[in-house]
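Notes for the one structure printed next.
The values are calculated or read from the model by the stated rules, or taken from the named source; none is laboratory data. Keep in mind that this is a model prediction, so the values were computed, not measured. Quick reminder, even Gly has a Cβ in these numbers, built from the backbone with ideal geometry, and neighbours come from all protein chains shown. What goes into the accessible areas is simple: the full protein's heavy atoms, side chains included, and nothing from ligands, DNA or RNA. Shrake-Rupley method; radii C 1.70, N 1.55, O 1.52, S 1.80 Å.
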Amino acid sequence: MRWLWATHSVHHSPRRMNLTAALRLGWTANISGHFLFYLPLAFLGFHPFAIVAALAANLTYQFFLHTELSPRFGPLEWILNTPTHHRVHHASEAECLDKNFGGTLILFDRLFGTFAEAPEGKPLTYGLRGGSQSHHPLRIVFSEWSAMIREVRGASKFGQKFTILFGPVTRRKAATTRPRSPENGRTIEAPSEG
């Protein structure tokens, strides 16, 4: 959902996969409603401290997933998320988009068809497809929000505006989804036919 992606895109903006990428988090989680995902746990009777402790444990585990190192976990790789699996999640190649969502467990990605292995013998490209190449923190944090607001202003019908805000990220304008070169940040043009 684009509204949620506006915050999470900050985490996917680094063009290198290292431990500092794990710390690059959006500042707008309260605007996007991140806390709403945890309210059902509170309504079911889980103590707020238990919810926060579980989130902290999950984030601690995920910190170590943001690396180019590739330790093998053997049979546990069928259940646990690993650095190899998580690199696919951060890659911007078309075959890697919307894959390997698991934080600690990769099992559910395998069950629901969103799991993908890293392409053999091919280095992955990290960073946002068509996203900001800036190193300025405010531009990184607010670039997706700005793009979304511009598109809402340009839409003429309520249904279009609603889809821009709450539809899938893949519904963005084609001009904003072209991949960019990790070396110079320029848009990678598709080869011309003929």
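Brief remarks follow.
- Label-point gap, in nm, between PHE64 and VAL152 - each point 7 angstrom along Cα→Cβ: 4.1
- Lysine pairs in the chain whose alpha-carbon atoms fall under 22 angstrom of each other, counting only those eight or more residues apart or on distinct chains, come to 4.
- Sequence-distant residues sharing a close amide H with LEU105 (under 5 Å, placed H): ASN81
- Averaged over its residues, the chain has an accessible area of 64 Å² per residue, based on protein heavy atoms and a 1.4 Å probe.
- Loop-located chymotrypsin sites (Phe, Trp or Tyr not before Pro) in segment 25-115 (DSSP state not H, G, I, E or B) with no more than 16 neighbouring Cβ atoms inside 10 Å: TRP27, TYR38, PHE46, PHE64, PHE73, PHE101.
- Membrane-span-like helices of the chain, defined as complete DSSP H segments with a Cα extent of 18 Å or more along the helix axis and a mean Kyte hydropathy of at least 0.5, are identified as 48-63.
- Segment 58-141: trypsin sites (Lys or Arg not before Pro) in DSSP loop, at most 15 other beta carbons within 10 Å: ARG72
- Kirkwood-based Rg to Rh ratio, segment 14-112, C-alpha trace: 0.99
- The chain: most fluctuating residue of SER13, SER156, SER32 per GNM, C-alpha cutoff 10 Å: SER156
- Order of exposure, largest accessible area first, which applies to THR170, THR125 with probe 1.4 Å: THR170, THR125
- Here the chain is treated with +1 on each Lys and Arg Cβ and -1 on each Asp and Glu Cβ, and its dipole about the Cα centre works out to around 720 debye.
- Top of VAL152, VAL169, VAL52 by mean-square fluctuation, Gaussian network on the chain, Cα under 10 Å: VAL52
- Label assignment, semi-axes √(5λ) of the Cα gyration tensor in Å derived from the structure, set [x] 26, 19, 16; [y] 34, 23, 15; [z] 28, 24, 16: [z]
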